[in-house]
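Notes follow the structure.
The values are calculated or read from the model by the stated rules, or taken from the named source; none is laboratory data. Keep in mind that this is a model prediction, so the values were computed, not measured. Please note: Cβ atoms are built from the backbone with ideal geometry, for glycine as well, and neighbour counts cover all protein chains shown. The accessibility values were calculated without ligands, DNA or RNA, using every heavy atom of the protein model including side chains. Shrake-Rupley method; radii C 1.70, N 1.55, O 1.52, S 1.80 Å.
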Amino acid sequence: MSPIHRDGAGDKTAATSWESLADRLIREAQERGEWETGDWAGKRLPAQDGAYESELAAAGVILWNAGAAPPWIQADKEARHLLVERDRLLEVAARTTDAGAGSLRARFEARLDALDAALLRLEAAAPTLAQQRPRLDRAASIAAFERALGR
């Protein structure tokens, strides 16, 4: 079975192997000048670090460059956002009176729950250990919150 490719008009083209089809398509695009009009025309492509530890990591870079993000990157973005929110709530706690401490504590604990869930998703989906984040130490976070409240 030979590889089949459909061009923009939907016409089929076949080749004896995938490599020869890819080579032909690249050559034809070069002949049409399509490689001379992009952002990188006349320049080297930006270097990728090439230190991918798995196909998932490589796929993540490709998706990232295409403007999409795999689940582990979304989980990491959420975790980073929740870490900032946690730190902001600690700053607010230092200025909070006793009357507002209860509702602030509930918000803080809800953020800790959401952060813990995001870190678990990240741990499960990240392709390598390098992309994971340390797990949440809930007791230490609550102790820091209580210290910020002055208790």
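Key figures for this structure:
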item: With every protein chain in place, region 95-151: carbon and sulfur % of accessible area (1.4 Å); result: 54
item: Dipole axis of region 56-151 (+1 Lys, Arg; -1 Asp, Glu on Cβ), positive-most option in Leu129, Val92, Ala139; result: Val92
item: Gain in span if fully extended, Arg138 to Ile26, counting 0.36 nm per residue against the direct Cα distance; result: 34.9 nm
item: Cβ charges +1 (Lys, Arg) and -1 (Asp, Glu), total dipole of region 61-151, debye; result: 120
item: Assigned charges on the beta-carbon of Lys, Arg, Asp, Glu; region 55-95 dipole about Cα centre (debye); result: 180
item: Accessible area of region 58-99 divided out per residue, in Å², using a probe of 1.4 angstrom; result: 63
